[in-house]
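Q: One structure, pasted below without further comment.
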Amino acid sequence: MTIIETTVAYVKEELAGAEGGHDWWHIYRVWKLARHIAEKEGADLQVVELGALLHDIADSKFHGGDEEAGPAKARAFLQAQQVNEAVIGHVENIIRHISFKGGKEKAVFTSPELSAVQDADRLDAIGAIGIARAFNYGGFRNRAMYDPTIAPDLHMTRDQYKNSTAPTINHFYEKLLLLKDRMNTATGKALAEERHQFMEQFLDRFYQEWEGKE
Ligand code: ADP
Ligand code: NI
């Protein structure tokens, strides 16, 4: 087996019980997208594929907020596969920094490989898949789909929106519609533009149908 095949088998097994938003199929989509972006952008494919496959291996949200759990788990696995140290260090940095929000925070690590994986992870939160994931998450949290009397809050922190009880439609304004302007790569931006338009169309129809106006 190649190192990629071995990693696929490991990640599938590790994520066997994961919730819908971060299951194997999220990893699968991010992996395919990241590889596509990396090919177009000329990033190192091995690092990108390993980074994409291992990026949610130990989500800190489910490991008591321990941001180092993911990188440590990836390192242990990759060392056991005799992957070289430069690749391991780079993959650790991708996992560590993929959630970096941009904006006022200063980037402490950047690379074309991180850019590709981060764009792919963000693209999976928008478009048709992003819509499905948002309503799936909202249902899991027992949230309303929409409530015209509850306005979106545009100034929430990461933790606030996670724990918010707002309707799922609000999440589009609080996060999903903002992602297209956070893409790192030209390839990611172009894909985000299409997915963004699809979400705008979805929202237009949603409000029309809500009022029985279509
Ligand atoms: P990631 O780990 O990929 O950064 P998150 O854990 O923030 O993403 O979210 C996983 C999925 O759940 C995403 O598709 C995201 O849009 C969705 N989600 C997160 N918070 C909410 C929310 N408050 N309402 C609806 N969907 C949400
Ligand atoms: Ni992810």
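The values are calculated or read from the model by the stated rules, or taken from the named source; none is laboratory data. Small disclaimer: the values here were computed from a predicted structure and weren't measured. Don't worry about glycine lacking a Cβ; one is built from the backbone with ideal geometry, like all the others, and counts go over all protein chains shown. Protein only, heavy atoms only, side chains kept; ligands, DNA and RNA dropped before computing areas. Shrake-Rupley method; radii C 1.70, N 1.55, O 1.52, S 1.80 Å.
Q: Using label points projected 7 Å from each Cα along Cα→Cβ, tell me how many nm separate W210 and M1, to one decimal.
A: Label-label distance for W210 and M1, simple model: 4.7 nm.
Q: Now a separate question. Rounded if a/c is under 1.5, else prolate if a/b is larger than b/c, else oblate: which is the range 134-214, with a ≥ b ≥ c the root eigenvalues of its Cα gyration tensor?
A: Since a/c reaches 1.5 but b/c is at least a/b, the shape of the range 134-214 is classed as oblate.
Q: Taking only Cα atoms, what is the 0 to 90° angle, nearest 10, from helix 112-123's long axis to the longest principal axis of the chain?
A: 30 degrees
Q: Ranked from highest to lowest mean number of other Cβ atoms within 10 Å per residue, what is the order of the peptides 50-58, 170-178, 110-118, 149-157?
A: Ranking, from highest mean packing down: 50-58, 110-118, 170-178, 149-157.
Q: Further question: Below 14 angstrom from the Cβ of A16, what's the summed charge of the other residues (Lys, Arg +1; Asp, Glu -1)? It would help to have the intermediate numbers written out before the result.
A: Numbers: positive: K12; negative: E13, E14, E19, D23, D56.
After counting each charged neighbour, the total is -4.
Q: At 0.692 mPa s and 37 °C, plugging the Kirkwood radius over alpha-carbon pairs of the range 1-55 into Stokes-Einstein gives what diffusion coefficient in µm²/s?
A: In µm²/s, the coefficient is 287.
Q: Calculate the FRET efficiency for K32 and M145 from the Cβ-Cβ distance with a Förster distance of 22 Å, rounded to the nearest 0.05. The partial results should precede the final answer.
A: On the way: r = 29 Å, r/R0 = 1.32.
The calculated FRET efficiency here is 0.15.
Q: Could you give me the ³J(HN,Hα) list for the range 127-132, computed from phi with Karplus coefficients 6.51, -1.76, 1.60 and θ = phi - 60°, whole Hz, x at Gly and Pro?
A: Per residue, the Karplus-derived 3J(HN,Hα) values read x, 4, 5, x, 4, 4 Hz.
Q: Now, a different point. State the percent of C-alpha pairs, over all pairs in the chain, separated by a distance greater than 31 angstrom. Spell out each step's value before the answer.
A: On the way: 4893 of 22791 pairs.
Value for the chain: 21 percent of Cα pairs lie more than 31 Å apart.
Q: Applying a 10 Å radius around every beta-carbon, put 161-169, 82-90 in order of their mean neighbour count, most first. Present the calculation step by step, with values, prior to reporting the outcome.
A: Values: 161-169: 15.7, 82-90: 13.8.
My ranking of the peptides, most packed first, is 161-169, 82-90.
Q: What part of the accessible area of the range 97-173, given as a whole %, is carbon or sulfur when the probe is 1.4 angstrom?
A: Exposed carbon and sulfur together represent 56 percent of the surface.
Q: Using only DSSP helix segments of four residues or longer, with each worth -39500 (n - 2.57), what per-residue ellipticity at 222 nm results for the chain after dividing by its residue count and rounding to 500?
A: Value at 222 nm, helices only, nearest 500: -19000 deg cm²/dmol.
Q: Residues with beta-carbon under 14 Å from that of K213, excluding K213: net charge, scoring Lys, Arg +1 and Asp, Glu -1?
A: -3
Q: Now for a different question. Taking the mean number of other Cβ atoms within 10 Å as a proxy for protection, how do you rank 205-214, 27-36 from highest to lowest?
A: 27-36, 205-214
Q: Sticking with this structure for a sec: Cut-off under 13 Å on the C-alpha distance; same-chain residues fewer than 8 positions from K12 excluded. Which aspartates and glutamates are left, in chain and number order?
A: Cα-Cα hits under 13 Å: D23, D56.
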